[in-house]
Amino acid sequence: MVRPLFTPMEFKRGETMIRCGKTCQSLYVIEQGFCRAFNIQDGLEVNLNFYFEYETVTHKNSYVFNTPADFEVVACEPMIVYRIDKPDLLNAIRQCPELGEAGKKNLELIAAKQERQLQLFRILTAKGRYEFLEQHNPALLQRVPISQLASYLGVKRETLSRIRNKRMRPVIL
């Protein structure tokens, strides 16, 4: 019942899914590939988040409050996603309230990911953030280029290289 409401889409590496300054009224479910959310601060790209297979991507404030997005989302590699527009989703929920419950669960997962990310940056050092990702999200470390990863962790590329090199060196007793 729900699948026909989703429009399959493909994005090439570097293509924009969500534009800064434009209203986002769609949800995207990633089947293949990954993307990043970023904005520009002091002339530099600052990576805010990465989204991988089976995750939902949107700009929540724009989606809920119908305001312009304050960050971009671009494909980091070729992607296959399924898009559903807000009016179609709301109509489907009216017809099948169980979809609303599934949507709430999805929002809970998104909120939990955001909360974990906030804790990561408030509590842990750069080294601690890297170690956390090693344990909880190794795919991110394997797939994301080091310059984007450094931006996401809030450190310079050189600092991240030092952290990685120290983690890889064997301990000599």
Legend entry - Among [x] 18.2, 56; [y] 19.7, 60; [z] 17.8, 66, the entry that matches Rg and Dmax of the Cα atoms in Å as calculated here: [z]
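Rounded to the nearest 500, what is the 222 nm mean residue ellipticity of the chain from helices alone, with -39500 (n - 2.57) per DSSP H run of 4+ residues and division by all residues?
Counting only the DSSP helices, I get -14000 deg cm²/dmol.
Going by C-beta contacts inside 10 Å, put LYS166, LYS113 in order with the fewest on the left.
With the fewest neighbours first, LYS166, LYS113 line up as LYS166, LYS113.
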Inset, instruction - Could you state the angle between the C-alpha long axis of helix 157-168 and the longest principal axis of the C-alpha atoms of the chain, as a value from 0 to 90 degrees rounded to the nearest 10? - result: 70 degrees
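Computed from the mean reciprocal separation of all distinct C-alpha pairs, what Kirkwood hydrodynamic radius does segment 3-98 have, in Å? Mind showing how you got there, number by number?
Values: mean 1/r = 0.0725 Å⁻¹.
Evaluated over segment 3-98, this radius sits at 13.8 Å.
Local charge sum around ASN49 (other residues, Cβ-Cβ under 10 Å, Lys/Arg +1, Asp/Glu -1)?
Value of the local net charge: +1.
Could you give the size of the charge dipole of the chain about its Cα centre, using +1 on the Cβ of each K and R and -1 on the Cβ of each D and E, expressed in debye and rounded to the nearest 20?
Values: 25 positive and 19 negative charges, 137 e Å.
Here the size comes out at about 660 debye.
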Legend entry - Helix 97-123 axis, angle to the chain major axis (alpha carbon atoms, nearest 10°): 20 degrees
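What's the ranking of 65-75, 29-39 by average number of surrounding C-beta atoms within 10 Å, highest first? Don't skip to the end; give the middle numbers.
Values: 65-75: 16.4, 29-39: 19.3.
Peptide ranking by packing, descending: 29-39, 65-75.
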Inset, instruction - Would you tally the net charge around ASP88, using a Cβ to Cβ cut-off of less than 15 Å, leaving ASP88 out, and scoring K and R as +1, D and E as -1? - result: +3
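Based on the Cβ-Cβ distance from CYS96 to GLN117, what FRET efficiency comes out when R0 is 35 Å, to the nearest 0.05? Don't jump to the answer; show the numbers that get you there.
On the way: r = 32 Å, r/R0 = 0.91.
Step by step, r from the Cβ atoms, then E = 0.65.
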Legend entry - Gain on full stretching of the segment that runs from GLU131 to ARG162 - 0.36 nm per residue minus C-alpha separation: 9.8 nm
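Computed from the coordinates by the stated procedures, all read-outs in this text should not be read as laboratory data. Not measured: the values here are computed from a predicted model. Cβ atoms come from the backbone with ideal geometry, glycine included; neighbour counts cover every protein chain shown.
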